[in-house]
Amino acid sequence: MADVEASVRDLVERDHDCTERALAQMDLRRKINLLIDEWRAAGGSDVLPDVRDRVRLRPVKAVGNPVHAIGRR
């Protein structure tokens, strides 16, 4: 899912047609919602993480990697 989202963002940033990838992203979201509904119908009651939780748990990217910079001199 994250790969599809990234490809849609990349296409939009480059001002390219993202229709096909965006439709694939929406289809994945529909499937995830169906899975969640089935899980809940089967008795699942845990609180699922939302977008804010995902962003908060995402590792922070380093600005520069000195290890790779040394090898490029």
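The values are calculated or read from the model by the stated rules, or taken from the named source; none is laboratory data. Computed from a prediction, not measured in an experiment: that's the story for all the values here. Using ideal geometry, Cβ is built from the backbone for each residue, glycine included, and neighbour counts are taken over all protein chains shown.
Among what's in segment 1-25 and is over 18 Å from residue 51 (Cβ atoms) and among the β-branched types (Val, Ile, Thr), pick the residue that is nearest to the chain's Cα centre (by Cα). Before you say what the answer is, go through the steps one by one.
The initial filter retains those residues of segment 1-25 that are over 18 Å from residue 51 (Cβ atoms), namely 7, 10-21, 23-24.
Those left that are additionally among the β-branched types (Val, Ile, Thr): 12, 19.
Numbers: 12: 16, 19: 17 Å.
So the residue we want is 12.
Mind listing just one residue for me: the one in segment 41-58 that is hydrophobic (A, V, I, L, M, F, W, C) and part of a helix (DSSP H, G or I) and, of those, modelled with the highest pLDDT? Even if it seems obvious, please write down each step before you answer.
First, pick out the residues of segment 41-58 that are hydrophobic (A, V, I, L, M, F, W, C): 41-42, 47-48, 51, 55, 57.
Going one step further and asking which of them are part of a helix (DSSP H, G or I), we end up with 41, 51, 55, 57.
Working: 41: 90, 51: 75, 55: 74, 57: 70.
Only one residue tops the list, namely 41.
Residues are listed down the side, and each one gets a yes or a no for (1) in a helix (DSSP H, G or I); (2) modelled with pLDDT of 75 or more; (3) surrounded by 10 or more Cβ atoms within 10 Å (Cβ to Cβ):
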| site | (1), (2), (3) |
| --- | --- |
| 6 | yes, yes, yes |
| 12 | yes, yes, yes |
| 20 | yes, yes, yes |
| 25 | yes, yes, yes |
| 29 | yes, yes, yes |
| 39 | yes, yes, yes |
| 64 | no, no, no |
| 68 | yes, no, no |
